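Every number in this text was worked out from the coordinates using simple rules, so none of it is lab data. All of these numbers come straight from a predicted model, not from anything done at the bench. Cβ placement follows ideal geometry from the backbone for every residue including glycine, while neighbour counts extend to all protein chains displayed.
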């Protein structure tokens, strides 16, 4: 497993976190994972990920942060 890239979108206004995520995925090497941190679950992003061949798993932290782990399917 490669290293993990992190996008902290918790202080950003939409659609910036989604734009940053999609840009980062364009250059994500096979086997590496992207970690997106948000204060809400990005349901529209999940559909885009599925359409483009990515899988994701999300978990919530006690502080309300959602961790979304994204990698190529």
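Of all residues in the range 16-48, those satisfying the criterion of being touching a strand residue (DSSP E or B) at 6+ places or on another chain (Cβ under 7 Å) and touching a residue at least 40 places away in the same chain (Cβ under 8 Å) are 21, 25, 28, 30.
When each of 8, 30 is tested for being surrounded by 12 or more Cβ atoms within 10 Å (Cβ to Cβ) and either touching a helix residue (DSSP H, G or I) at 6+ places or on another chain (Cβ under 9 Å) or at negative phi (or both), the lone residue that passes is 8. With the requirement that a residue be touching a residue at least 24 places away in the same chain (Cβ under 8 Å), surrounded by 14 or more Cβ atoms within 10 Å (Cβ to Cβ) and more than 13 Å from residue 22 (Cβ to Cβ), what does the range 49-67 give you? If the condition is that a residue be touching a residue at least 24 places away in the same chain (Cβ under 8 Å), surrounded by 14 or more Cβ atoms within 10 Å (Cβ to Cβ) and more than 13 Å from residue 22 (Cβ to Cβ), then 65, 66, 67 are the ones that fit.
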